[in-house]
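Read-outs throughout are calculated quantities, based only on the coordinates presented, and are distinct from any laboratory measurement. Note that the structure is predicted; figures quoted are calculated from it, not measured. Cβ placement follows ideal geometry from the backbone for every residue including glycine, while neighbour counts extend to all protein chains displayed.
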Amino acid sequence: MLNIVVCIKQVPDTNEVRLDPKTGTLIREGVPSIMNPDDKAGLEAALRIKDELGAVVRAVSMGPAQADAVLREALAMGADEAYLISDRAFGGADTWATSSTLAAAVSRLPHDIVFTGRQAIDGDTAQVGPQMAEHLGIPNVSYAEEIRVVGDSLIVKRQFESSYQVVRVKMPCLVTALTELNRPRYMTPGGIFSAYREKQVTVWTRPDVPVDDSNIGLKGSPTRVKESFPKPLKGKGEVVTMDAEAEADYLVAKLREKFVI
Ligand SMILES: Cc1cc2nc3c(=O)[nH]c(=O)nc-3n(C[C@H](O)[C@H](O)[C@H](O)COP(=O)(O)OP(=O)(O)OC[C@H]3O[C@@H](n4cnc5c(N)ncnc54)[C@H](O)[C@@H]3O)c2cc1C
């Protein structure tokens with residue numbers, strides 16, 4: 001039976017995120033949290049493999065106690081087990097410390113396939129998945145848009161800006177998922193009941209994760225956020241109404257004026 005681990009990050013619903021103008025940090029209070037969309041696609045891919053071939057699907061999240069909610073959602077969608085990696089010692093992690101911690105946690109779980117999202121909609125770096133593969137010593141296939149299990153390998157269609165690539169990779173491997181991979185299923189009422197009444201979220205704290213102190217939390221983070229600020233708002237734009245030929249001339253003149261052409 002295949003063993004699949006899906007990494008799931010709880011993220012603020014970014015349409016509603018605002019920055020504190022004084023501290024430059026995200027205002028998280030009162031902002032609803034969701035399962036990162038790419039991660040939901042990774043979970044759905046894992047559940048489809050489970051439906052087709054049989055697999056044990058384990059969801060893993062690193063975060064504060066409230067990240068329990070996304071893990072319950074994963075259980076309600078059909079994941080078999082859930083692990084929350086949570087300890088103050090892991091707080092303030094950059095991508096290096098995040099991936100070191102997550103990889104160490106995943107190394108404790110059987111894993112033929114590890115799914116992460118391509119990127120988290122709040123941090124947006126797209127670094128954690130490939131870094132985890134490196135820490136785990138397994139191959140990484142990024143930007144997965146289609147996946148098939150064939151024997152001991154995966155056939156993955158990777159998406160680029162203007163082309164595709166189909167690769168075959170042996171398991172164990174790590175795949176970073178795109179939202180285009182599938183349309184995730186909804187939680188079922190029975191699934192929700194079972195997620196809260198029957199299944200458990202196992203909490204792993206510092207002693208449970210076999211990672212060196214120098215690679216975790218704020219102290220183990222080689223990067224620092226120096227400053228963050230919202231983008232200045234764009235101007236209003238200009239609407240012109242002329243006949244098509246005059247519009248084209250007007251546009252070309254404007255582009256020349258700005259040295260675009
Ligand atoms: C000095 C410093 C301090 C920071 N302090 C904080 C802080 O206190 N709180 C905070 O929220 N952020 C903090 N950050 C941001 C933090 O580094 C990133 O959110 C985190 O490292 C993940 O990077 P990303 O969001 O860019 O993930 P990406 O690389 O874009 O994520 C790719 C995929 O990796 C997986 N993944 C990423 N993070 C997790 C996770 N936590 N659990 C499970 N799977 C995951 C998901 O599958 C995700 O789709 C800090 C950053 C720095 C540099």
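A few remarks follow.
- For segment 70-101, the tally of residues that are under 18 Å from Gly123 (Cβ atoms), hydrophobic (A, V, I, L, M, F, W, C) and buried (at least 20 other Cβ atoms within 10 Å of the Cβ) stands at 5.
- The set of residues in segment 49-84 being farther than 23 Å from Pro32 by Cβ, in contact with an Asp or Glu (Cβ under 7 Å, 6 or more places away or on another chain) and of a type in the set (A, V, I, L, M, F, W, C) consists of Val56, Val57.
- Scanning segment 9-22 finds no residues that are within 16 Å of the chain's Cα centre (by Cα), closer than 14 Å to Val201 by Cα and of a type outside the set (Asp, Glu).
- Scanning segment 85-97 for residues that are within 8 Å of the ligand (Cβ to nearest atom) and either touching an Asp or Glu at 6+ places or on another chain (Cβ under 8 Å) or not in a helix (DSSP H, G or I) (or both) yields a total of 5.
- Selection count, segment 55-84, where residues are under 12 Å from Val203 (Cα atoms) and more than 14 Å from the ligand (Cβ to nearest atom): 1
- Residues that are within 16 Å of the chain's Cα centre (by Cα) and either farther than 25 Å from Gly217 by Cα or within 9 Å of the ligand (Cβ to nearest atom) (or both), drawn from segment 98-113: Thr98, Ser99, Thr101, Leu102, Ile113
- When the criteria are applied in full, Asp51 meets the requirement of being away from the ligand (no atom under 13 Å from the Cβ) and either out of contact with any helix residue (DSSP H, G or I) (no Cβ under 7 Å at 6 or more places or on another chain) or touching a residue at least 60 places away in the same chain (Cβ under 8 Å) (or both).
- Consider segment 189-228 and keep the residues that are part of a loop (DSSP other than H, G, I, E, B), closer than 18 Å to Leu84 by Cα and within 21 Å of the chain's Cα centre (by Cα). The one that is nearest to the ligand (Cβ to nearest atom) is Gly217.
- Residues of segment 114-128 that turn out to be within 6 Å of the ligand (Cβ to nearest atom) and either free of Cβ contacts under 8 Å to residues at least 12 places away in the same chain or not in a loop (DSSP other than H, G, I, E, B) (or both), as a count: 4
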